[in-house]
Amino acid sequence: MPTILGTIYICHVCNCPSYFAGGSAQVPGARLGGIINHLPPDIASLYKEIQNSTTVGGYTSAVLASRKLLMHVAVESGAEPGKQFVAYINYLVENGYTPPNSTAWIDKIRVVGNEANHEIVIMQEIDARNIIKLIEMLLKFNYEFPKEAESETESSG
């Protein structure tokens, strides 16, 4: 009987193959974060880049790009370009671009993002997972939900 070195499965979500080597991790790994509709092109591209980096264990890259994504969201929402990161976070909070009761999450991305950017540390999957969870919430709150509500209003009117 031949030895099975690994198996290939087709993902039911993206229809792409994944390789599983005899009990080891999936290659490529699972993509963190969900699908978000109605994103502006630059923000959609950066969000996809963040998700793709998690499939190869690029958690530090995902955290750093998430920080950059927040800057893009702030500027796209009206913040002045060329500011420091904290100014963009403050802009999002002070201008209602963050959901109520999300202050602890916002502070987490600031702290973890600062560590990834300014310290000699390697981010772990849990760091990326938490940051992407916040990013996903903010993108849905600011882009997906308003457009879907707009569509529902137009179709019922």
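Numbers at a glance
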| quantity | calculated |
| --- | --- |
| Identity of the residue in the range 91-115, farther than 21 Å from D42 by Cβ and of a type in the set (A, V, I, L, M), that ends up modelled with the highest pLDDT | V93 |
| The one condition in (1) within 14 Å of the chain's Cα centre (by Cα); (2) under 24 Å from V13 (Cβ atoms) that R67 fails to fulfil | (2) |
| Selection within the range 116-157 - hydroxyl-bearing (S, T, Y) and under 25 Å from S45 (Cβ atoms) | Y143, S151 |
| Per-region count, the range 15-24, residues modelled with pLDDT of 75 or more and surrounded by fewer than 10 Cβ atoms within 10 Å (Cβ to Cβ) | 2 |
| Selection status of A30, closer than 29 Å to V112 by Cα and surrounded by 15 or more Cβ atoms within 10 Å (Cβ to Cβ) | no |
| Selected residue (only one of I8, I36 is exposed (fewer than 13 other Cβ atoms within 10 Å of the Cβ) and either assigned by TED's automatic domain parsing to the domain that holds G113 or β-branched (V, I, T) (or both)) | I8 |
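The values are calculated or read from the model by the stated rules, or taken from the named source; none is laboratory data. For clarity, every value in this text was computed on a predicted model and none was experimentally measured. Cβ sites come from the backbone with ideal geometry, for glycine too, and all protein chains shown count toward neighbours.
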